[in-house]
Amino acid sequence: MNKSFEPEILSICCKYCAYAAADLAGSMRLSYPANIRIIQVPCTGRVDVIHLLNAVQGGIDGVYVAGCLEGECHFVSGNLKAKSRVNRVKQILEEVGLEPERVEMYNLSSAMGSRFAEIAAEMTEKIRQLGPSPLKLKLRKSA
Ligand code: FES
């Protein structure tokens with residue numbers, strides 16, 4: 001494991017829950033790793049397989065989708081669709097020889113600011129253990 005490796009991680013957050021939880025974490029002055037880049041979506045149901053694959057192909061070290069708790073999606077089943085797409089992407093990564101753990105799905109509520117910070121730390125630690133994305137290294141070599 002390379003301790004100096006700072007993974008680049010994309011966090012795709014539903015505005016009703018995870019994004020609000022990130023805001024709350026900020027208000028609570030909870031610290032979480034600075035290497036997490038957050039993108040807000042209206043619902044995780046908007047996140048498609050191709051979006052996740054594009055992120056991985058672009059050399060991101062890890063990406064996670066954070067949606068409302070199951071049963072609490074404002075668009076009924078967007079988070080369930082996201083979960084199944086994340087699982088599909090995990091399968092694809094495995095098929096092409098990449099670690100499926102680079103892509104994850106989490107569920108949380110807007111009140112879970114500390115959980116948001118925990119997830120960010122968990123994901124950072126996990127990706128740090130895996131090391132840089134092989135695709136990132138390949139992209140750097142060909143640049
Ligand atoms: Fe939050 Fe659908 S509205 S995951």
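The values are calculated or read from the model by the stated rules, or taken from the named source; none is laboratory data. What you see is a predicted model, and the numbers here were worked out from it, not measured in a lab. Backbone-built Cβ (ideal geometry, glycine too); neighbour counts: all protein chains shown.
Return yes or no: is Glu125 surrounded by fewer than 21 Cβ atoms within 10 Å (Cβ to Cβ) and either hydroxyl-bearing (Ser, Thr, Tyr) or in a helix (DSSP H, G or I) (or both)?
Taking the combined requirement at face value, the residue satisfies it.
Restricting to segment 79-101, name every residue that is charged (D, E, K, R) and touching an Asp or Glu at 6+ places or on another chain (Cβ under 7 Å). Spell out how you get there, then give the answer.
Going through segment 79-101, the residues charged (D, E, K, R) turn out to be 81, 83, 85, 88, 90, 94-95, 99, 101.
Result: Arg85, single match.
Quick check on this structure: which one of Ala82, Ala20, Ala111 is in contact (Cβ under 8 Å) with a residue 60 or more places away in the chain, touching a strand residue (DSSP E or B) at 6+ places or on another chain (Cβ under 9 Å) and within 16 Å of the ligand (Cβ to nearest atom)?
Being in contact (Cβ under 8 Å) with a residue 60 or more places away in the chain, touching a strand residue (DSSP E or B) at 6+ places or on another chain (Cβ under 9 Å) and within 16 Å of the ligand (Cβ to nearest atom) holds for just one of Ala82, Ala20, Ala111, which is Ala20.
On the basis of being at pLDDT 95 or above, near the ligand (Cβ under 9 Å from one of its atoms) and farther than 20 Å from Ala120 by Cβ, does Glu94 make the cut?
Judged against the criteria, Glu94 is not a match.
For segment 86-128, what are the residues that are of a type in the set (D, E, K, R) and under 29 Å from Leu30 (Cβ atoms)? Break it down into steps so the answer makes sense when it comes.
Step one: of segment 86-128, the residues of a type in the set (D, E, K, R) are 88, 90, 94-95, 99, 101-102, 104, 115, 118, 122, 125-126, 128.
Those that are of a type in the set (D, E, K, R) and under 29 Å from Leu30 (Cβ atoms): Lys90, Glu99, Glu101, Arg102, Glu104, Arg115, Glu118, Glu122, Glu125, Lys126, Arg128.
Report, by residue number, each residue of segment 46-68 that is surrounded by fewer than 22 Cβ atoms within 10 Å (Cβ to Cβ) and within 9 Å of the ligand (Cβ to nearest atom).
If the condition is that a residue be surrounded by fewer than 22 Cβ atoms within 10 Å (Cβ to Cβ) and within 9 Å of the ligand (Cβ to nearest atom), then Arg46 is the only one that fits.
Looking at segment 15-69 only, could you name the residues that are within 18 Å of Ala117 (Cα to Cα) and of a type in the set (Ser, Thr, Tyr)?
Tyr16, Tyr19, Ser27, Ser31, Tyr32, Tyr64
Just the residues that are more than 16 Å from the chain's Cα centre (by Cα) and over 12 Å from Ala18 (Cβ atoms), please, taken from segment 99-114.
Once the filter is applied, which keeps residues that are more than 16 Å from the chain's Cα centre (by Cα) and over 12 Å from Ala18 (Cβ atoms), segment 99-114 yields only Ser114.
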